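Any read-out appearing in this document is the output of simple, stated calculations on the displayed coordinates, not a laboratory observation. For clarity, every value in this text was computed on a predicted model and none was experimentally measured. No Cβ is skipped: glycine too gets one built from the backbone with ideal geometry, and neighbour counts run over all protein chains shown.
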Amino acid sequence: MKGFGRWESTNAWGLTPSHKGLYSPTSGIPKTECSVYRLVSMSMPTNEARLALRPQLDLAPAIAPSEKFQNETLRPIMKLQHEHIVAVCASYLIKRKVKVDQLPANERWAKMKELVTRDNRLRGLLFGVAAGQFTTDEMAHYLTNESDVNRRITNLLVERLYSVYG
């Protein structure tokens, strides 16, 4: 991995590592069950790089922590990843032979909501596109408030896909 940085074993969520004697094949650093392995860039840390990619949105200030997370994290990530979200959904619709454009306009919203909420494969792909852009702190927040954040991600995905296919 020359030129990209060095492998660093971190424990992002404050868990106590338990060494099992396993080693990373590229660096020889002992792996632990609860550790997260990340590539630390020599020029810019990963979290800062992710934050620098996100677009700045003008939104009303939020009071509730969950709404603040939605406005400061989820909405910019969804805007950043819009092309990927649409590409994943379009590919999925072709593979599954779902013809959204042939549905009446009043049924498209329900179809998009059904696809995102009930189809676990598509849901997992779309959630991965979003969660892959979380920083370490945002992932910790996600893991502690998973049901609320999942509901918010689902709603944002449905709105975004409906704006494309609706």
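Points worth noting:
- Prolate/oblate/rounded call for segment 42-166, Cα gyration tensor, a/c under 1.5 rounded: prolate
- FRET efficiency for the pair M139 and K99, taken as 1/(1 + (r/R0)^6) with r the Cβ-Cβ distance and R0 = 45 Å, rounds to 0.80.
- Other residues lying with their Cβ under 12 Å from the Cβ of Q81 contribute a combined charge of +4, Lys and Arg counting +1, Asp and Glu -1.
- Part-to-part distance (alpha-carbon centres) for segment 109-127 and segment 140-166, which is given in Å: 10
- Summing charges over all other residues whose Cβ lies under 12 Å from the Cβ of Q102, with Lys and Arg as +1 and Asp and Glu as -1, gives +2.
- Report note on the peptides 136-142, 153-159, 102-108: ranked by the mean count of other C-beta atoms within 10 Å, highest first, their order is 153-159, 136-142, 102-108.
- Under 13 Å, Cβ to Cβ, from A131 - net charge with Lys/Arg +1 and Asp/Glu -1: +1
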